[in-house]
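What follows is a set of notes on a single structure, which appears directly below.
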Amino acid sequence: MQKSESDGLKIGEESAGDERKKAKLSLDEARLLVLGAQILVGFQYRSFLEPAFIRLPPLSQDLRMVSSGLMLGTMLLLMWPISFHEIFERQPVVP
């Protein structure tokens, strides 16, 4: 969002309030993505407890383990910006 020079800002500059809004919005979106990933991980873990899991071929069981590991890695990458902001910036984001 560009502002004119009459607002006291040069073209292309943003106020600190705009930056805080953008940071809060992106962190809120990341929190929603983490929630979705947690639901998917829950479904994946449930498949390990099903009686039919033992009857799957070993390759399918191994692929299920790999997919669970990749999903956990995805959750880690989704949670990283939230933790980074709260720890290193020392500014909690209040919803």
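Among the residues making up the stretch 44-76, those that are farther than 22 Å from residue 29 by Cβ, within 21 Å of the chain's Cα centre (by Cα) and surrounded by fewer than 14 Cβ atoms within 10 Å (Cβ to Cβ) are 45, 66, 67, 69. What pairs can you find where one residue is in the stretch 30-53 and closer than 16 Å to residue 80 by Cβ and without any contact (Cβ under 8 Å) to a residue 60 or more places away in the chain, the other is of a type outside the set (Val, Ile, Thr) and outside any helix (DSSP H, G or I), and their Cβ atoms are less than 9 Å apart, with a gap of 6+ or different chains? Cβ pairs passing all conditions: 31/95.
Any read-out appearing in this document is the output of simple, stated calculations on the displayed coordinates, not a laboratory observation. Quick caveat, the model's predicted, so the values are computed rather than measured. Positions of Cβ are backbone-derived with ideal geometry, glycine not excepted, and every protein chain shown enters the neighbour counts.
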